[in-house]
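For reference, the structure discussed in these notes is given below.
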Amino acid sequence: MADRPTRSVLVIGGGASGNAVTVLLRRAGIAVDLIEARPDWNATTGSGITLQGNALRVLRELGVWEQVEGSGYAFGSLGVTAPDGTVLFVAEDIQTGGEDLPATLGMQRPRLQQILIDAVRASGAGVRLGTTAESLEQDADGVSVRFSDGSEGRYDLVIGADGLNSATRAAIGITNKPEPTGMAIWRIAAPRPASVTRTDLAYGGTAYIAGYCPTSENTIYAYVVEACRDRASIDPAAYADEMRRMAQGYGGVWPEITEHITDPKKVNYTWFDRLLVEGSWHRGRVVLVGDAAHCCPPTVAQGAAMSLEDASVLAELLTGGRDWDDELLQAYHDRRIPRVRTVVEASVQIGRWQLDGVRDADIAGLVGRTMNLLKERP
Ligand SMILES: Cc1cc2nc3c(=O)[nH]c(=O)nc-3n(C[C@H](O)[C@H](O)[C@H](O)COP(=O)(O)OP(=O)(O)OC[C@H]3O[C@@H](n4cnc5c(N)ncnc54)[C@H](O)[C@@H]3O)c2cc1C
């Protein structure tokens, strides 16, 4: 039997999901081009990210676990405090990635992105920054793509990994759009106070949640979650003042953190969104991964984990020797949707309880049930 010719894939978007699927497909000898809209590939932006075991499991599969472990800060429990900093209880985190990986690891976002960029570069994928797809035209055999620089390409498959406001999703006629959940988050990176060795969350006080996560030996990221406000009503020059005003309502290590909330350019303000494409995540030979198909507020810190798992499952199916047909792409959706739905619904529910002022909500119970389910392989 003649060898199958090398198959080709275009990945649109170089975030966690696009980078991950690129590395895994290249490892199987598939020709991959990756285009990324931002000329800097998002290598310098963002404060921190909380990665749970099931995200770390995919990072290990990508071959970058040692770099991640060496750069991040691993821990295994979560503290819940009163707004004054009094620790109310400490819960052991569930090891969703298996017993040989930490339950949780905090990282600086730019560091994680740089590790993934290096892995994509080393994989031999063709990378074009500052580039988008202007049009996707498909027939039974492939997809013809016209790029923003006027060039053209032809691929067996296109993977839309272009995030929450995915142009690929719209281009293939999936009309779902992200919806605000009613909450927003203020985030900043700061030096690590010596006593911060895990995430602590204070529910209530001047905001709904105030929390922090160590991201390396020397750094943390800290955040305050409140009801979302009209973005146009907040002057970006006042971002530090706004975050500091809320942070000042918290005790414990917060006074130490608050001293570093001074530069408005280093404070990030983001609304929480919810999106779940319930129907198929593909049309013909164009398929979505990550936030392009689903996103949730980070109340259980699982968005990037779900995106990485999408990449892993899709790559497993595409490299398993089967035809790249409708049935295979439907199998990808069928395998992902129950797990992703559970995470999206739990994440939204936790925020809803807070917005509605439900005092006896069983947040710990819901998080525990969700994490236990994620111990299963995706
Ligand atoms: C406030 C906040 C906190 C969060 N905290 C956590 C957390 O602690 N833990 C966790 O697991 N998850 C967290 N998440 C979720 C996580 O950030 C996302 O789920 C994850 O980044 C999704 O990865 P992605 O690759 O699918 O999309 P993205 O990371 O959004 O990447 C999409 C990429 O596509 C590029 N792009 C966009 N449009 C185009 C285009 N037309 N053409 C080419 N390129 C394009 C973008 O520049 C970007 O590089 C958080 C999310 C938010 C909003």
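The values are calculated or read from the model by the stated rules, or taken from the named source; none is laboratory data. The model shown is predicted, which means the values in this text are computed figures rather than measured ones. Don't worry about glycine lacking a Cβ; one is built from the backbone with ideal geometry, like all the others, and counts go over all protein chains shown. These area figures cover heavy atoms from the full protein model, side chains too; ligands, DNA and RNA do not enter into them. Shrake-Rupley method; radii C 1.70, N 1.55, O 1.52, S 1.80 Å.
Every residue in the stretch 98-126 that is touching a strand residue (DSSP E or B) at 6+ places or on another chain (Cβ under 8 Å), more than 30 Å from R7 (Cβ to Cβ) and crowded, with 21+ Cβ neighbours inside 10 Å, please. Walk me through it before giving the result.
Taking the stretch 98-126 and keeping what is touching a strand residue (DSSP E or B) at 6+ places or on another chain (Cβ under 8 Å), we get 102-109, 112, 120-121, 123, 125-126.
Adding the requirement that they be more than 30 Å from R7 (Cβ to Cβ) leaves 102-109.
Within the stretch 98-126, A103, T104, L105, G106, M107, Q108, R109 meet the criteria.
Among the criteria (1) open to solvent by less than 30 Å² (accessible area, probe 1.4 Å); (2) farther than 26 Å from T22 by Cβ; (3) within 14 Å of the ligand (Cβ to nearest atom); (4) outside any helix (DSSP H, G or I), the one I261 does not fulfil is (3). Filtered by the rule that a residue be in a loop (DSSP other than H, G, I, E, B) and either open to solvent by 10 Å² or more (accessible area, probe 1.4 Å) or more than 8 Å from the ligand (Cβ to nearest atom) (or both), the stretch 294-317 gives C296, P298, T299, V300, A301.
Pairing residues of the stretch 40-62 that are of a type in the set (K, R) with residues that are open to solvent by 20 Å² or more (accessible area, probe 1.4 Å), at Cβ distances under 7 Å and at least 6 apart in sequence or on separate chains, gives R57/G98. Looking only at the stretch 145-201, filter to residues that are among the β-branched types (V, I, T) and in a loop (DSSP other than H, G, I, E, B); which one of those is nearest to the ligand (Cβ to nearest atom)? The selected residue is I172.
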